[in-house]
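Chemist: Below is the structure I would like to discuss, written out as structure tokens.
Only the coordinates and a few stated rules stand behind these numbers; no lab work does. Predicted model only: the values in this text are computed from it and were never measured. Neighbour counts run over all protein chains shown; Cβ positions are idealised from the backbone, glycine included.
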Amino acid sequence: MSPRQLHARDLLVQLDRSRRAELGRQLEQQLRSAIRSGTLAPGSDLPSTRTLAEDLAVSRGVVVRAYAQLAAEGYLDLRQGANPSVRGIPFVEPRVAEVSSPAAVQKIRYDLRPHQPDLGGFPREIWLRSLRHALTRAPNADLGYIDPRGLEQLRVELARYLGRVRGIRANPERIVVTTGSTHALSLIARVLASRGAVMGFENPSHWLFFAVAEQAGLTPIGIPVDGDGIRVDSVRAAKVNAVLVTPAHQFPTGVALAADRRAELTLWARESGGLIIEDDYDAELRYDRAPIGPLQGLAPDRVAYIGSANKTLSPGIRLGWALLPDDLCDSVVEELGKSVLHLSGIDQLALADFLRRGEFDRHIRRMRLVYKRRRDALIEALEAELPKLRVSGIAAGLHVVVELPPSVAEADVCAQAAARGLAIESLSDHALPMYEGPAGLLIGYAGVLEPTMPFAVAELAAAFRASERRPVRRAAS
Ligand SMILES: Cc1ncc(COP(=O)(O)O)c(C=O)c1O
């Protein structure tokens, strides 16, 4: 199969079967707009009529007619004995989406932001089955005001899932259902602020997390990160009472916390009574290294473990969890109850059913393969276009780090990339003051189809070359 050949699922076609007579028109329209927007890049090979018809459960004639119409309009090349391919057309419209990062709002053609999972991979039909199951089976009480911690059915399923996948012995009584990691952090941060705590953050780490902590009344202290993860000597020196870490896959550098640092950090927590907030946000998404166990197992009474379905399933789900030590749990539940009462019981029941049926595990296994293919396509394209740049943080997650030489300013490459319709982020987007690490770009690959990757990376390389020609602006000393 050619490297540019798409699978039917990559086309993201969604047919509304209640309009049976118009299935062909729907297929045609969706393929046309994907080609016009650049989502289906010129040169991509589409599935054969037979394969696509089987995958979409429509008759072959429907696909034949749709392809023929698009060929007549100049969008497709139909060749005897070969799959149809997308023609290079001069009227491609940029794909329009909003950038919601610290960078300016831009119109973007290639979304390479590091947080973005593959939204097209969301298992809509399977989720719908769980939602339907939840609604038809739920006792009336579950549709009313519920325990602010979340419904017991979900907390029990989450405890099983965390045991099965992350080796955690979780007591469902100590699990709190949140809208995600950010929400869990905001609740914990409010409790810590009310206790007068000082909180440290890996520097760099997710910019939103600092903002949330500040909103809660804390002053975030940046703790340096090196190739082995957070510097525990600096945690001690900073005299913080709590520290947020991403040990399995440091965000954004992609390093894993080394074994001796894990032991040192838990020792710090025990000796000082400090709290470790462990954000295990994408632990399941690893490709070529063995899973790294959570810190939580080393010091359950000193670790607040937070996780989320928003990256593994979809940010639209807005469901996550926190497994909390005794001395924090009640206060966090109180904060949650005071702010949002509780989260949607219906969505919680749907996630509980999705977990119980093993669909969450299956979805992650499926997406791991998709993401690994996309990551490999990105690395291959980077090797071809930017062979001199070091690429790191590739073993897990949804993005890689492309390190920049001192001769090129990060801000220049980002501006050049934005001008070419690329949405990317940089290490300094996620840096607190005193950040002294390397400059680099965060390139996400989860939402970009493999055949499109070389086009996106060619634009990135052009942005890099244009920045190389500019003199580097140095800060006045
Ligand atoms: C470091 C990190 N933690 C957690 C999350 C997930 O956050 P939430 O569950 O609030 O969507 C993300 C999402 O991008 C992230 O980058």
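Chemist: Find the percent of Cα-Cα distances in the chain that exceed 34 Å, and round it to a whole number. Walk me through the numbers on the way to the answer.
Modeler: Numbers: 45711 of 113526 pairs.
Within the chain, distances greater than 34 Å cover 40 percent of Cα pairs.
Chemist: Near Lys372, which aspartates and glutamates are there with a Cα under 17 Å away, not counting those fewer than 8 places off in the same chain?
Modeler: Result set, ordered by chain and number: Asp10, Asp118, Asp282, Glu284, Asp288, Asp361, Glu380, Glu383, Glu450.
Chemist: Let me ask another. Before anything else, pin down the relative contact order of the chain: Cα pairs under 8 Å, at least 6 apart, normalised by residue count, whole percent. Each step should come with its number before you reach the end.
Modeler: Numbers: 877 pairs, mean separation 91.9, N = 477.
Relative CO of the chain lands at 19 percent.
Chemist: Could you pull the Cα extents of segment 290-416 along its three principal axes, largest to smallest, in whole Å?
Modeler: Its Cα atoms span 52, 33, 33 Å along the three principal axes.
Chemist: Once the dipole of the chain is set up with Lys and Arg at +1 and Asp and Glu at -1 on Cβ about the Cα centre, which of Leu154, Ser18, Ala248 lies farthest towards its positive end?
Modeler: Ser18
Chemist: Compute, for the chain, the length of the dipole vector about the Cα centre, with Cβ point charges of +1 (Lys, Arg) and -1 (Asp, Glu) only. Units Debye, rounded to 20. Numbers along the way, then the final one.
Modeler: Working: 60 positive and 56 negative charges, 258 e Å.
Result for the chain is approximately 1240 debye, rounded to the nearest 20.
Chemist: Let me ask something additional. Rg to Rh for segment 347-454: what is it, with Cα atoms only and Rh by Kirkwood? Show your work: numbers first, answer last.
Modeler: On the way: Rg = 17.2 Å, Rh = 15.9 Å.
The Rg/Rh ratio comes out at 1.08.
Chemist: Percent relative contact order of segment 239-389, based on C-alpha pairs within less than 8 angstrom and at least six residues apart?
Modeler: Details: 150 pairs, mean separation 25.9, N = 151.
Reported as a whole number, the value is 17 percent.
Chemist: I would also like to ask the following. Can you tell me how much longer the chain between Ala197 and Lys338 gets when fully stretched, taken as 0.36 nm per residue apart minus their C-alpha distance, in nm with one decimal?
Modeler: Values: separation 141, 0.36 × 141 = 50.76 nm, distance 2.07 nm.
Extra length from Ala197 to Lys338 when fully extended: 48.7 nm.
Chemist: Choose one of Ala184, Ile35, Gly227: the residue whose Cα lies farthest towards the positive end of the charge dipole of the chain (beta-carbon charges +1 Lys, Arg; -1 Asp, Glu; about the Cα centre).
Modeler: Result: Ile35.
Chemist: Normalising by the residue count of segment 135-175, find the relative contact order in percent from Cα pairs under 8 Å and 6+ residues apart.
Modeler: On the way: 20 pairs, mean separation 12.8, N = 41.
RCO, segment 135-175: 31 percent.
Chemist: Here's something else I'd like to know. Alpha carbon centre of segment 189-233 versus segment 387-441: separation in Å?
Modeler: Segment 189-233 and segment 387-441 have Cα centres separated by 22 Å.
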